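The next block holds one structure in the form of structure tokens; read it before the comments.
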Amino acid sequence: MKKWKTVVLAALLMVQLTACGSSGIGRDPADSAVRHEEGMADKKVLLGVTYSKLQNEYIAALQHAIRAKAQEINVELAEADGQGRADNQITQVERFIADGVDAIIVNPTDRKGVAPAIDFAVDAGIPIIVLTAEVSNLDKATAYVGSNDVIAGRMETEFIVNALGGNGAVVIIHGPNGDSAQMNRTEGIKQVLSQTPDIKIIAEQTANFSLMQAFSLMEGWLQTYPRIDAVIAQNDEMALGAYKAIEAANRQDDVVVVGVDAIPDALKSIEEGKLAATVFQDAQGQGSLAVEIAVRAANSEPVNHMNIVPFELVTQENIFEYQP
């Protein structure tokens, strides 16, 4: 059985809804005002959701979880893809506000760039939930749902330290510069490596969470550096791209590769003895919890500001726990 460990506080499970769900934008803002005056117990709740970039497999998994939870509790969704651009997400939040949504979920593509969207929602009196990644003004948001990316960086790096016996040469493949996951995972990675002086970072660069960019980057590094013992990738797609380049160079027996997210392709790769490990990030738990909190906030019910879903290390030893 797939191990979807959803961390939901008992209070968050007491959501009582009787609305009917669909997808789309276009409600009259006046209708939202009337609904708040009359009470929302028997009214349809409309949530606006903007995703950072749906081409990313983990973000697509978040969308799947959000849609499943919305259908389960009969909530209407208005969804938009930021396509990796902060200005797109700001515009999308402004549109949600104009259309009178009851709450907004934003999965930000940039820590600073998307921050104005939080201010717009707060000024409009609409609850806004920040999902998975962080924004610089997170304290202004109604709530945050996600995982501690510093811990993810520490987990994957501690695995590498143990795999190398505390000695070796590593490269780090970063996510998009300015993305909160990139910043926090880097912090976690550097925390561990600062305590392991015999493991040297010989190169580090962003591949923007892209498999193809990581493949090209790793190709170049393999030609430049005669010795690379391990690759610390800040997501699975980049880990998979790096491994493809390593395999093409016939150096797969010499280089240990880890990633983050536990996407299906990464789990399959671990099972096949290719990727060494990944860090499970619970898209199901995060997406589902974000919807529940957004609905509670839309109904003026109290919510916790910080809602953390734990990371878990996945290796060949426990891979069976995370497979279908």
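The residues of region 44-150 have, on average, 35 Å² of accessible surface per residue, using a 1.4 Å probe with all protein chains present. Within the shell defined by Cβ-Cβ distances under 14 Å, the residues around ILE66 carry a net charge of -4, with Lys and Arg each +1 and Asp and Glu each -1. Restricting to Cα pairs below 8 Å that are 6+ residues apart, what does the relative contact order work out to for the chain? Please round to a whole percent. 21 percent. Of all DSSP-defined beta bridges confined to the chain, some 10% are antiparallel rather than parallel. Measuring nothing but how far apart in sequence close Cα pairs (under 8 Å, 6+ apart) lie, relative to its length, region 124-188 scores a relative contact order of 37 percent. The portion of the accessible surface of the chain made up by carbon and sulfur, rounded to a whole percent, is 49 (1.4 Å probe; DNA, RNA and ligands excluded). Using the 1.4 Å probe convention, the accessible area of region 178-324 works out to 40 Å² per residue with neighbouring protein chains retained.
With a cut-off of 12 Å between beta carbons, the residues surrounding ALA133 carry a summed charge of 0, where Lys and Arg count +1 and Asp and Glu -1.
Computed from Cα positions, the angle between helix 86-98 and the longest principal axis of the chain comes to roughly 20 degrees. Other residues lying with their Cβ under 10 Å from the Cβ of SER52 contribute a combined charge of -1, Lys and Arg counting +1, Asp and Glu -1. Dividing the mean sequence gap of close Cα pairs (under 8 Å, 6+ apart) by how many residues region 95-215 holds gives a relative contact order of 23 percent.
Distances between placed amide hydrogens fall under 5 Å for HIS174 paired with GLN205, THR206, ALA207, all partners being 5 or more residues away or on another chain.
Placing a pseudo-label 7 Å from each Cα along the Cα-to-Cβ vector at GLN195 and GLU317 gives an inter-label distance of 1.8 nm. A helix-only calculation puts the chain at -12500 deg cm²/dmol for mean residue ellipticity at 222 nm, using -39500 (n - 2.57) for each DSSP H run of at least four residues, averaged over all residues.
Ordering 229-237, 62-70, 277-285, 311-319 by mean Cβ neighbour count within 10 Å, with the highest value first, yields 229-237, 277-285, 62-70, 311-319. Taken over the chain, lysine pairs spaced eight or more positions apart, or on distinct chains, with alpha carbons under 22 Å apart number 16. For the chain, the longest principal axis of the C-alpha atoms and the axis of helix 149-164 are separated by about 20°. Taking the convex hull of the alpha carbon positions in region 218-282 and averaging its projected area over all directions gives 3.9 nm².
The values are calculated or read from the model by the stated rules, or taken from the named source; none is laboratory data. None of these values were measured; they are calculated from a predicted model. With ideal geometry, Cβ positions are generated from the backbone for all residues, glycine too; neighbour counts draw on all protein chains shown. Calculation scope for accessible area: heavy atoms of the full protein, side chains included, ligands and nucleic acids excluded. Shrake-Rupley method; radii C 1.70, N 1.55, O 1.52, S 1.80 Å.
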